[in-house]
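The values are calculated or read from the model by the stated rules, or taken from the named source; none is laboratory data. Just so we're clear, the structure is a prediction, and the values are computed from it rather than from any experiment. When we count neighbours, we look across all protein chains shown, and the Cβ atoms used for this are built from the backbone with ideal geometry, even at glycine.
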Amino acid sequence: MENIYRKKLPLPLLIWEFMERRDFIVDEIQKFGQMVLGLIGKLVQSRQTQKYDFNLSMVDLEFESEAGFTLKMLIEMESSNLEAFLANHRELNSDNIELLADLLIEISDDPGVSSQHALARAKELLLLVDVRERTYAMERAGKLDFIEGKLRSTGS
């Protein structure tokens, strides 16, 4: 029934409908990126002021309400499910996946977070971005080296 409806719409209306959908997706991508950047900023600020009031459970609540998943779920997810998970979340473009990896690196030192699991997931995310983008980025390579060094020093 929907296909019949679509065929009867004039081309300008079809274009308008497509543009509205695309704008919504772009807004969701930007909103997610801003949320993650804000969380990284709060974490860094709380560490610099040595008033460590960063609460991972509050971050997970924010993620749950904004993105429909928690960091805990992302960290503990089976590696075989990761690509399907990312495909189901349109807001997770390559830039936002890198931001998510940055956040995982930052929280890897937090109490209540398995450092090795968080770092290993951050590494997986960065490697997926490498594959998606088919480019070499010095900054990404530096993050991967940092993760490798940290994983070696923690005994993984």
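Selection of the range 112-130 for residues being more than 16 Å from the chain's Cα centre (by Cα) and assigned to a helix (DSSP H, G or I) yields SER115, GLN116.
In this structure, does SER57 turn out to be surrounded by fewer than 15 Cβ atoms within 10 Å (Cβ to Cβ), farther than 15 Å from LEU144 by Cα and modelled with pLDDT of 90 or more? Taking the combined requirement at face value, the residue does not satisfy it. For the range 91-105, the criterion of a residue being surrounded by fewer than 19 Cβ atoms within 10 Å (Cβ to Cβ), farther than 24 Å from LEU144 by Cα and either of a type outside the set (Gly, Ala, Ser) or at pLDDT below 85 (or both) is satisfied by no position.
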